[in-house]
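Engineer: Encoded as structure tokens, here's the structure I'll be asking about.
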Amino acid sequence: MAAADRSSSIVEYFGGEAGYRCGYCKNVTGNLSHGMWAHSMTVQDYQDLIDRGWRRSGKYVYKPIMNQTCCPQYTIRCQPLHFQPSKSHKKVLKKMLKFLAKGDSSKVAGDEEPMDSHREDAVACSFVLKNESDISQSELKPLSVEETERVETEDNNEEEEMKKEVTVKKVESEPPQTCVDKDSAGSSERSDSAKLVHTTPKPGKGADLSKPPCRKAKDIRKERKLHKLLQNQTHTLEGTPSQVEPQVLLSQNSKSKANQPKSIEDFIFVSLPDDATHQLEVRVVRSSPPSCQFKATFQESYQVYKRYQMAIHKDPPDKPTISQFTRFLCDSPLEAENPPSGPDCGYGSFHQQYWLDGKIIAVGVIDILPYCVSSVYLYYDPDYTFLSLGVYSALREIAFTRQLYEKASELCYYYMGFYIHSCPKMRYKGQYRPSDLLCPETYVWVPIEQCLPTLEHSKYCRFNQDLKAVDEGCIKELGRVRVLHKRIVMPYSMYKKRRKGPSDEASIQQYASLVGQTCSERMLLFRS
């Protein structure tokens with residue numbers, strides 16, 4: 001038993017929610033989820049939680065009850081390092097360039113994007129306000145180490161100490177379970193949930209979605225020609241082919257690459273003409289704790305949010321209050337972390353502001369985590385709807401993830417929130433390829449192409465087709481769950497002996513099974 005250090009996550013679990021209104025199918029009580037209030041949270045704990053299907057809205061962290069909720073919400077992540085923009089994505093990027101260069105704001109038929117852009121978590125706002133914790137800050141401050149040790153000595157007899165020592169030795173002797181992504185070989189330990197499973201889809205009519213799409217013969221011929229050039233080049237450069245760096249070969253054949261597809265960066269970072277009509281600047285400002293830049297632009301940012309909510313979501317003028325805006329999109333439980341090996345901006349919660357000619361026209365709310373950029377929400381000035389800012393900002397965030405990867409090699413994914421197949425207007429998230437969906441039972445990642453056929457038949461699906469596979473991060477030792485009780489940090493086994501009144505073991509068991517063994521042993525579960 002020990003006092004919590006400053007980096008410990010402290011959460012207050014609320015249990016399963018009574019049904020509330022669904023923002024997708026409009027069912028009055030069909031949306032079901034588990035929830036907890038995060039008083040503070042480390043970025044690693046939140047990374048591990050979203051890899052188990054959790055999601056935050058302000059400081060409220062929730063997990064849909066997938067097999068019961070009316071519209072199952074599957075965590076979706078894109079792989080930015082392998083992303084190539086589609087024709088529709090390029091269309092949006094070109095439209096922005098044309099607008100910036102010439103001021104052309106013509107609207108093309110079919111350019112409209114989904115009402116919620118690419119961030120759907122606005123529906124969580126209702127239960128953010130309903131479930132805000134009323135626990136005083138003094139109760140959340142663990143006692144000093146000395147005081148905790150004194151209580152521990154009084155509480156434990158010699159026999160309990162011996163049992164504890166045996167348990168610790170047993171756990172330490174077990175090798176840690178890790179899973180390293182192929183793009184981050186040799187990286188540090190990851191959570192058990194960061195796994196990718198390739199399964200074979202069941203045979204059916206139409207194209208095999210597990211295979212790459214058909215390619216034109218012209219493209220194949222170009223690829224073969226480039227490959228032949230690369231082979232010839234290895235014999236003209238000094239050394240054997242294995243000694244030649246790929247970058248050297250590619251630079252030697254820049255002309256051959258001219259016909260390759262353009263990347264996002266080719267559109268985003270292109271130089272505008274000197275007489276360009278508009279100037280666009282993207283700024284990343286830390287929102288929690290609020291930076292000076294965030295404070296200086298707070299009111300302007302709030303006004304954009306208010307206009308967006310009124311025009312896009314039809315909110316009445318008095319609903320988008322500053323208080324709601326702050327709790328929903330500015331407050332965050334994530335602690336700011338700036339390790340030397342991390343990105344220059346650090347980890348935590350940020351606002352990515354889009355400045356057009358000196359004024360904010362859009363804001364993307366994002367979390368920068370150890371393995372990903374997690375998109376929270378987007379709001380924009382309704383006057384600029386014609387620019388498809390939902391799609392444009394998603395592409396900018398994918399490019400931003402690639403930029404962060406250059407400094408932090410483990411940060412290589414872009415989490416887009418939830419994919420809701422049962423809601424047609426929310427299926428567009430699957431257009432950012434390659435992408436994976438999280439299996440709601442075993443918490444492994446499965447390519448979306450292999451998930452879609454099963455989702456066509458059932459709105460709730462177990463994507464992992466290995467029927468013997470289980471949740472490897474499930475709770476195995478309930479007694480090791482960390483509890484914060486009367487400002488003292490203790491394992492649940494000790495808290496259980498001290499607790500007076502009816503047993504709360506069922507609630508603790510549910511909490512631990514949802515957050516997993518790793519998080520349950522790191523985070524502090526507040527108990528009054």
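Engineer: As an exercise, use a Förster radius of 22 Å and the Cβ-Cβ distance of residue 291 and residue 341 to find the FRET efficiency, rounded to the nearest 0.05.
Structural biologist: Efficiency for this residue pair is about 0.50.
Engineer: Compute the accessible area per residue over the range 435-528, keeping the other protein chains in place, probe 1.4 Å, unit Å².
Structural biologist: Counting only protein heavy atoms, the per-residue value for the range 435-528 is 45 Å².
Engineer: Oh, and also: Length gain on complete extension for the stretch residue 281 to residue 472, per 0.36 nm per residue less the alpha carbon to alpha carbon distance?
Structural biologist: This chain segment gains 64.3 nm when fully extended.
Engineer: Using the Karplus curve 6.51 cos²θ - 1.76 cosθ + 1.60 with θ = phi - 60°, what ³J(HN,Hα) values do you get for each residue of the range 35-52, in whole Hz, with x for Gly and Pro?
Structural biologist: Taking θ as phi minus 60°, the curve returns x, 8, 9, 9, 6, 7, 7, 7, 5, 5, 5, 5, 4, 5, 6, 5, 7, 10 Hz for the range 35-52.
Engineer: Calculated FRET efficiency, residue 458 and residue 27, Cβ-Cβ r, R0 25 Å, to nearest 0.05?
Structural biologist: With a Förster radius of 25 Å, E is 0.90.
Engineer: Once you have the Cα-Cα distance between residue 84 and residue 465, take 0.36 nm times their residue separation minus that, and quote the gain in nm to one decimal.
Structural biologist: Length gained between residue 84 and residue 465: 134.4 nm.
Engineer: Still on this structure: Once you sort the root eigenvalues of the Cα gyration tensor of the range 376-528 as a ≥ b ≥ c, which label holds: rounded (a/c under 1.5), prolate (a/b larger than b/c) or oblate (the other case)?
Structural biologist: Here the range 376-528 falls in the prolate category.
Engineer: Evaluate E = 1/(1 + (r/R0)^6) for residue 299 and residue 504, where r is the Cβ-Cβ distance and R0 equals 45 Å; express this FRET efficiency to the nearest 0.05.
Structural biologist: Efficiency, from the Cβ-Cβ distance: 0.55.
Engineer: Related question: Can you check what the net charge comes to around residue 303, using other residues whose Cβ is under 12 Å from the Cβ of residue 303 (Lys, Arg +1; Asp, Glu -1)?
Structural biologist: +1
Engineer: Hey, what's the range 321-405 come to in accessible area per residue, 1.4 Å probe, Å²?
Structural biologist: 24
The values are calculated or read from the model by the stated rules, or taken from the named source; none is laboratory data. Remember, it's a predicted structure, so these values are computed and weren't measured experimentally. Cβ: placed from backbone, ideal geometry, glycine included. Neighbour counts: every protein chain shown. What goes into the accessible areas is simple: the full protein's heavy atoms, side chains included, and nothing from ligands, DNA or RNA. Shrake-Rupley method; radii C 1.70, N 1.55, O 1.52, S 1.80 Å.
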